[in-house]
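Read the figures in this text as sums done on the coordinates, not as results from a lab. These numbers come from a predicted model, not from an experiment. Counting neighbours? That spans all protein chains shown, and the Cβs are built from the backbone with ideal geometry, glycine included.
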Amino acid sequence: MANTTLNADVIANEALMILDNNLVMSNNVFRGYENEFEKKVNGYEVGETISIRRPTDFTVRSGSTIQVQDVIEGKTTITVNRQRGVDFKFSSTDLTLNIKELSKRVIEPACVQLANEVDADLMSLYSDIPNWVGTPGQTVNSYADFIKAPERLNEFGVPLGERYGALGPSDHAGLLGSQTSLYSEGEVKSAYREAKLGRLAGVDTYMAQNVPTHTTGTRSGSPLVDGSYTASTTSYDDVKNTMTMTLHIDALGGATETIKKGDVFTIADVYAVNSVTKQKLPFLKEFVVTADATAAGSEVDLTIYPALIWNGAQQNVSVTSGVTDLNNKAITFKGAASTDYRQNLVFHQNFGALVMVPMTLPADGRPASRKTDKSTGSSVRIVPVYDGTNDTNVWRLDILYGIKAIDPRLATRLSGTA
């Protein structure tokens with residue numbers, strides 16, 4: 001193909017294609033909220049927000065007598081507050097190259113970095129997820145380890161289909177190695193030759209190099225719930241927009257110990273329930289701390305998700321028969337204190353959302369370009385700035401997006417077992 005002088009439109013189209021091809025986690029979460037933003041001719045600026053309704057729940061009537069239930073809908077928001085970009089220089093000579101040559105040298109490396117940044121941001125949503133199966137610190141190296149994640153989703157009534165797994169390199173390698181002993185020729189060939197896991201237990205499974213590591217707080221001692229928490233303490237109507245509550249605990253091992261955002265714990269005698277049937281499950285309910293906290297006098301207020309709802313259509317816990325108050329119930333944190341743990345994720349697509357929107361174009365008339373893929377929602381903006389002294393073109397490549405854990409119930413963290 002003959003060389004031609006490249007312009008912002010050509011470069012933006014190439015960048016958009018490469019960005020989409022390199023997104024992994026981003027293509028496995030919900031993208032439909034992009035349609036909720038009003039269509040602005042000149043694009044969007046950092047900080048713009050949309051409001052989203054939370055799904056409502058109901059209880060099932062028994063018999064023919066009508067039992068009308070109030071429809072109580074919570075809401076949450078997504079803010080497009082993450083602007084990411086890569087800036088580079090082209091000489092005038094570079095701009096006469098074939099687009100594929102320039103793409104390989106400059107545009108592709110830039111877009112790979114941008115895609116990795118978006119995926120890493122989405123993986124950071126692990127800290128909103130309370131569910132965590134397996135033993136922290138253990139590598140996922142068998143099918144028996146892996147199956148605990150979809151099993152947990154099934155226990156909670158998470159819909160089948162559109163389930164994805166993101167495993168760190170060591171866990172992916174451990175699970176991959178376990179598949180080479182299978183009889184099935186297809187799975188063995190894929191594991192040996194292509195290093196692919198594919199679909200396991202209804203989960204499309206990927207290796208993700210940016211699976212994050214969570215460092216737990218310094219918490220020690222034998223912490224207890226401190227204060228009266230009963231069935232009437234929190235109603236769904238109180239917490240419907242955040243689904244968080246404050247829990248006061250004491251008996252920590254030190255005056256200034258820390259509990260970190262993303263730390264997971266259980267409360268004695270508080271069991272999980274199936275979100276659809278509301279039936280008690282045979283394991284304790286897990287809660288996640290949603291903001292860093294530092295103890296004072298060996299006690300501290302924790303903001304936790306989810307809030308404890310004891311009954312009704314939104315019930316999410318089942319308390320041991322005879323227990324009417326959680327005061328002085330033991331708190332058990334997941335994993336050891338001050339320890340790093342890899343955060344593999346298995347999730348339904350609707351657990352989290354990515355919104356990527358077209359950015360505003362400069363008003364000074366320079367030949368900038370903005371391209372959006374209507375099928376995926378991805379959007380990039382290219383803005384050139386010419387340096388006449390050095391005969392170079394400085395190019396801005398920008399994206400603008402927001403992320404949100406819409407329904408953390410639809411996901412679980414995954415560790416191996418000892």
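Once the piece of chain linking SER338 and VAL41 is laid out straight, how much longer is it, given 0.36 nm per residue of separation minus the C-alpha distance between them?
Details: separation 297, 0.36 × 297 = 106.92 nm, distance 4.95 nm.
Full extension from SER338 to VAL41 adds 102.0 nm.
In Å and on Cα atoms, what radius of gyration and Dmax does segment 102-164 show?
Answer for segment 102-164, Rg first and Dmax second: 17.1, 51 Å.
How high is the relative contact order of the chain? Use alpha-carbon pairs under 8 Å, at least six apart in sequence, and give a whole percent. Present the calculation step by step, with values, prior to reporting the outcome.
Details: 948 pairs, mean separation 113.2, N = 418.
In percent, rounded to a whole number, it is 27.
Report ³J(HN,Hα) in whole Hz for each residue of segment 28-34, in order, from the Karplus equation J = 6.51 cos²θ - 1.76 cosθ + 1.60 where θ = phi - 60°; Gly and Pro get x.
Per-residue couplings from phi come out as 10, 10, 6, 10, x, 5, 4 Hz.
If you filter segment 318-418 for trypsin sites (Lys or Arg not before Pro), then keep DSSP loop positions with at most 15 other Cβ within 10 Å, what is left? Intermediate values should be presented prior to the final figure.
Working: sites: LYS329, LYS334, ARG342, ARG370, LYS371, LYS374, ARG381, ARG396, LYS404, ARG409, ARG413; in loops: LYS329, LYS334, LYS374.
For trypsin sites (Lys or Arg not before Pro) across segment 318-418 that sit outside H, G, I, E and B with at most 15 neighbouring Cβ atoms in 10 Å, the list reads LYS374.
Let me see the pair-distance distribution of segment 272-418: every alpha carbon pair, 10 Å bin width, integer percents in order.
Result, from short to long distances: 8, 23, 23, 17, 14, 10, 4, 1, 0 percent.
What is the sum of charges, Lys and Arg at +1 and Asp and Glu at -1, for the other residues whose Cβ falls under 9 Å from the Cβ of PRO358?
On the way: positive: LYS40, ARG370, LYS371, ARG381; negative: none.
Residues near PRO358 contribute +4 overall.
What is the sum of charges around SER232, taking Lys and Arg as +1, Asp and Glu as -1, for the other residues whose C-beta is under 12 Å from the C-beta of SER232?
On the way: positive: none; negative: ASP238, ASP325.
Result for the local shell: -2.
Give me the angle, in degrees from 0 to 90, between the Cα long axis of helix 108-123 and the longest principal axis of the Cα atoms of the chain, rounded to the nearest 10.
10 degrees
Which of the lysines could be linked to LYS404 by a straight reach, that is with a Cα gap under 17 Å, when you skip same-chain ones fewer than 8 residues away?
In chain and number order, the partners are LYS75, LYS240, LYS261.
Hey, what angle do you get for helix 169-179 against the long axis of the chain, alpha-carbon based, 0 to 90 degrees rounded to 10?
Around 80 degrees separate the two axes.
Please report THR266, THR320, THR242 as a ranked list, fewest other C-beta atoms within 10 angstrom at the top and most at the bottom.
Arranged by neighbour count, lowest to highest, THR266, THR320, THR242 become THR320, THR242, THR266.
Among PHE88, PHE287, what is the fewest-to-most ranking by other Cβ atoms within 10 Å?
Details: PHE88 15, PHE287 26.
Ranking PHE88, PHE287 by Cβ neighbours within 10 Å, fewest first, gives PHE88, PHE287.
Using the C-alpha atoms of the chain, what convex hull volume per residue, in cubic angstrom, is computed? Intermediate results must be reported in sequence, preceding the final value.
Values: hull volume 81.5 nm³, N = 418.
Hull volume normalised by residue count: 195 Å³.
In whole Hz, with x marking every Gly and Pro, tabulate ³J(HN,Hα) for segment 347-357 from phi via Karplus 6.51 cos²θ - 1.76 cosθ + 1.60, θ = phi - 60°.
Couplings: 7, 7, 3, 7, 5, x, 9, 10, 10, 10, 10 Hz.
Under the rule of at least 5 residues apart or a separate chain, name every residue whose amide H is placed under 5 Å from the amide H of THR360.
TYR44
Within 11 Å, Cβ to Cβ, of PRO223, how many net charges do the neighbouring residues add up to if Lys/Arg are +1 and Asp/Glu are -1?
Details: positive: ARG219, LYS329; negative: ASP226, ASP250, GLU257, GLU299.
For residues surrounding PRO223, the net value is -2.
Would you mind finding the longest exposed-site-free stretch of the chain, with exposed GluC sites (Glu not before Pro) meaning DSSP loop and at most 12 other Cβ atoms within 10 Å? If you can, show how the numbers build up before the last one.
On the way: sites that count: GLU38, GLU73.
The longest such stretch corresponds to 74-418.
So who's got an amide H within less than 5 Å of the one on MET245, skipping anything under 5 residues away but keeping other chains? H placed 1.01 Å off N, in plane.
ILE304, ALA307
Just the Kirkwood number for segment 321-401, please: inverse of mean 1/r across all distinct Cα pairs, in Å, one decimal.
Working: mean 1/r = 0.0535 Å⁻¹.
That comes to 18.7 Å for segment 321-401.
Using the alpha carbons of segment 217-334, what is the convex hull volume per residue in cubic angstrom, as a whole number?
96 Å³
Convert each backbone phi in segment 271-279 into a coupling constant with the Karplus relation 6.51 cos²θ - 1.76 cosθ + 1.60 (shift: θ = phi - 60°), then list the ³J(HN,Hα) values in order as whole Hz, x for Gly and Pro.
3J(HN,Hα) across segment 271-279, in whole Hz: 9, 6, 10, 5, 5, 9, 8, 6, 6.
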